[in-house]
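The values are calculated or read from the model by the stated rules, or taken from the named source; none is laboratory data. As the structure is a computational prediction, the values presented were derived from the model and not from experiment. For neighbour counting, all protein chains shown are included, and Cβ atoms are generated from backbone atoms with ideal geometry for every residue, glycine included.
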Amino acid sequence: MTETKQIVIPGDEIERTNEKVRNGAYKCGQDKYCSEYFGIVQRNEQFIDIVPFSGPYFPRKDDKIIGKILEIGPSMWTVDINSPYHSLLHMNDTPWRTSAGDIKRYLAIGDYIYGKIMSINELRESWVTLKDAGLRKLEGGHIISIPAPKVPRIIGKGGSMVNMIKDATGTRIVVGQNGLIWLDGIPKNIMIAIDAIKMVENEAHTVGLTDRMEAYLESKKGEIDGNSK
Amino acid sequence: MGTASDIKLIDENNIRLDGRGPDELRPIKIETNVLNRADGSSFIEWGGNKIMVAVYGPREAYPKHNQDINKAIVKARYNMAAFSVDERKRPGPDRRSVEISKVVSEALEAAIMVELFPRAQIDVFIEVLQADAGTRIAGLTAASVAVASAGIPMRDMVVGCTAGKVGNKIVLDLSKEEDNFGQADLPMGILPKSDRIVLMQMDGDLSVEEFEQATSMIMKATKRIAQIQREALTKKYEIQQKEQGE
């Protein structure tokens, strides 16, 4: 997908020839589409999407997300997934052998989990599961938050951007589709990785970012502590 | 509206007290992302008005019995700081603040795609730090920018402007003296793309012709104000792009 830099605000008409307008625009007249967001127009031969600069996360089925435990009930936890709506995690969807009323032992309020959206209904009520490869409670580490629309840029094509940052800083990084990111490693390296991620967040709408990131990480090489994983 | 006064608000050459012509706006400046903790924020200076807006949401509506299962509730809260006017305003909501909060909420709700967020609430806090007539319209104009910068989907921006009658002439964008001693005040909020009216109130008396003259003056002026809103949102990104030497 080639990225153009056309910036639109809500109500702006989207120029198009034959492409299908996909996300972020609505029909505002005979064969006319208008932007819903303040964001960038992303075009390829078939589709046009409007990607907002920031905004809430909309949970979708099978998205892998990082959530924070907000409340504990007798058989389920309420999870904050950085969305307008909370999600629920039932004790049967965890890998542990839990008994109702005693689930506090496994996840307490304030704990972070890496889970998957299992289902979502029209009222935007969603359920999370931990029963899948790689899903778990996140112990230790550091959590930062970026706007959910920027996540694809942080990950990069096939993971290229986030892997570049991981390899250069020697940190473990888990990126949730909902904009929460977990980092683990030596504190100094974590700070460098966070700076790199913030740089992507601020320049997500520009071209040439991958090259600038390579140069930036190269310049920070001297500061990176080599005794990391 | 105040009582008639000996002040000549507009002279024979159609020059107003502050030197403006009948269809001239006061200077307007808007900035975005002024508050880190809010989801969206803006600060507007319009004439002597200084107003800060913070937007939070969408988030689940509490208390639960307020939730609407079909759409989000837009809750605007207009508040004047105690120091915002000449004589200290007692803190807390009064009837005027409640009224303005209501009309601004309804104006924003017409633009925001609330049906995409059932059971949610969008909070818009409008704090008037310095008041100089036209605060509800300046607050609404800034609120629209803050909501857009929060990434909340909208059909269109919301732009506001006032017009009124002073010295038997229709003028645009009333100043404080014109609002207090003039003959009519007409604040209006519109969606600029479709020219649909989402806020309209009136104080005083206008004939049908005067009303039409005032509304058409406002419609023209909102195009200029919409451009100021656009520049406030996009300027941060355009500068960055220039620096990258695209």
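Considering only region A:179-229, state which residues are part of a loop (DSSP other than H, G, I, E, B), among the aliphatic types (A, V, I, L, M) and within 14 Å of chain B (Cβ to nearest Cβ). Steps first, answer last, please.
Step one: list which residues in region A:179-229 are part of a loop (DSSP other than H, G, I, E, B), which gives A:179, A:185-186, A:203-208, A:220, A:224-229.
Now narrow it down to the ones that are among the aliphatic types (A, V, I, L, M): A:186, A:204, A:207, A:224.
Selection gives A:Ala204, A:Val207.
Set side by side, the residues B:Ser41, B:Ser97 differ, and just one is in contact (Cβ under 8 Å) with a residue 12 or more places away in the chain, crowded, with 17+ Cβ neighbours inside 10 Å and either over 21 Å from B:Asp185 (Cβ atoms) or aromatic (Phe, Trp, Tyr) (or both), which is B:Ser41. For region B:148-163, the set of residues classified as assigned to a strand (DSSP E or B) and either within 7 Å of chain A (Cβ to nearest Cβ) or at pLDDT below 95 (or both) consists of B:Met154 only. For B:Thr32, the conditions (1) touching a helix residue (DSSP H, G or I) at 6+ places or on another chain (Cβ under 7 Å); (2) more than 21 Å from B:Asp123 (Cβ to Cβ) all hold with the exception of (2). Residues that are within 14 Å of chain A (Cβ to nearest Cβ) and on the phi > 0 side of the Ramachandran plot within region B:87-129 comprise just one, B:Arg119.
Among the residues of region B:159-169, is there at least one that is of a type in the set (Ser, Thr, Tyr), in contact with a strand residue (DSSP E or B) (Cβ under 8 Å, 6 or more places away or on another chain) and in contact (Cβ under 8 Å) with a residue 40 or more places away in the chain? The answer is yes; a qualifying residue exists.
Would region B:38-58 turn up any residue that is out of contact with any Pro (no Cβ under 6 Å at 6 or more places or on another chain) and at positive phi? Scanning region B:38-58, I find at least one residue that is out of contact with any Pro (no Cβ under 6 Å at 6 or more places or on another chain) and at positive phi, so the answer is yes.
Could you tell me whether B:Val145 is within 13 Å of chain A (Cβ to nearest Cβ), modelled with pLDDT of 95 or more and either within 13 Å of the chain's Cα centre (by Cα) or surrounded by fewer than 24 Cβ atoms within 10 Å (Cβ to Cβ) (or both)? Yes: the conditions hold for B:Val145. Restricting region A:194-204 to residues that are in contact with a Lys or Arg (Cβ under 7 Å, 6 or more places away or on another chain) and under 30 Å from A:Thr129 (Cα atoms) leaves a set whose member that is surrounded by the most Cβ atoms within 10 Å (Cβ to Cβ) is A:Val200.
With respect to being of a type in the set (Asp, Glu) and in contact (Cβ under 8 Å) with a residue 40 or more places away in the chain, B:Asp185 fits the description. Scanning region B:164-193 for residues that are within 14 Å of chain A (Cβ to nearest Cβ) and either surrounded by fewer than 24 Cβ atoms within 10 Å (Cβ to Cβ) or under 20 Å from A:Pro52 (Cβ atoms) (or both) yields B:Leu191, B:Pro192, B:Lys193. Highlighted here are the strands (runs of 3 or more DSSP E) found entirely within region A:120-178 that include at least 3 residues which are within 17 Å of the chain's Cα centre (by Cα) and of a type in the set (Val, Ile, Thr): A:172-175. Among the residues making up region B:85-105, those that are modelled with pLDDT of 95 or more and touching a strand residue (DSSP E or B) at 6+ places or on another chain (Cβ under 7 Å) are B:Ser97, B:Ile100, B:Ser101, B:Val103, B:Val104, B:Ser105.
Any residue in region A:64-92 that is at negative phi sitting within a Cβ distance under 9 Å of a residue that is of a type in the set (Lys, Arg) and part of a loop (DSSP other than H, G, I, E, B)? List the pairs, counting only those 6 or more apart or interchain. That search, which allows pairs on different chains as well, returns A:Ser83/A:Arg124; A:Pro84/A:Arg124; A:Pro84/B:Arg119; A:Tyr85/A:Arg124; A:Tyr85/B:Arg119; A:Asn92/A:Lys131.
Every residue, every condition in (1) crowded, with 21+ Cβ neighbours inside 10 Å; (2) among the acidic types (Asp, Glu), yes or no:
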position: A:Glu139; (1), (2): no, yes
position: A:Pro149; (1), (2): yes, no
position: A:Asp167; (1), (2): no, yes
position: A:Gly170; (1), (2): no, no
position: A:Ile192; (1), (2): yes, no
position: A:Thr206; (1), (2): no, no
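Scanning region B:60-74 for residues being out of contact with any Gly (no Cβ under 8 Å at 6 or more places or on another chain) and either in a loop (DSSP other than H, G, I, E, B) or surrounded by 19 or more Cβ atoms within 10 Å (Cβ to Cβ) (or both) gives a total of 8. With respect to the numbered conditions (1) surrounded by 18 or more Cβ atoms within 10 Å (Cβ to Cβ); (2) away from chain B (no Cβ under 11 Å), which one is the sole condition not fulfilled by A:Trp96? The failed condition is (1).
Every condition in (1) surrounded by fewer than 23 Cβ atoms within 10 Å (Cβ to Cβ); (2) farther than 17 Å from B:Val104 by Cα is met by B:Ala214 except one, and the failing one is (1).
Please count how many residues of region B:194-208 are more than 14 Å from chain A (Cβ to nearest Cβ), touching a residue at least 12 places away in the same chain (Cβ under 8 Å) and under 16 Å from the mean Cα position of the chain (by Cα). Even if it seems obvious, please write down each step before you answer.
Our first condition is that a residue be more than 14 Å from chain A (Cβ to nearest Cβ); within region B:194-208, this holds for B:197, B:199-208.
Keeping just the survivors that are touching a residue at least 12 places away in the same chain (Cβ under 8 Å) gives B:199-206.
So of that shortlist, the ones also under 16 Å from the mean Cα position of the chain (by Cα) come out as B:199-202.
Of the residues in that region, 4 qualify.
Within region A:5-50, which residues are more than 10 Å from chain B (Cβ to nearest Cβ), in a strand (DSSP E or B) and either closer than 16 Å to A:Arg153 by Cα or in contact (Cβ under 8 Å) with a residue 24 or more places away in the chain (or both)? A:Gln6, A:Lys20, A:Val21, A:Val41, A:Gln42, A:Arg43, A:Phe47, A:Ile48, A:Asp49 - these are the residues of region A:5-50 that are more than 10 Å from chain B (Cβ to nearest Cβ), in a strand (DSSP E or B) and either closer than 16 Å to A:Arg153 by Cα or in contact (Cβ under 8 Å) with a residue 24 or more places away in the chain (or both). With respect to (1) over 30 Å from A:Arg212 (Cβ atoms); (2) among the charged types (D, E, K, R); (3) loosely packed, with under 14 Cβ neighbours inside 10 Å, the lone exception for A:Lys157 is condition (1). Considering only residues in region A:52-78 that are within 13 Å of chain B (Cβ to nearest Cβ) and buried (at least 20 other Cβ atoms within 10 Å of the Cβ), the one that is nearest to the chain's Cα centre (by Cα) turns out to be A:Tyr57.
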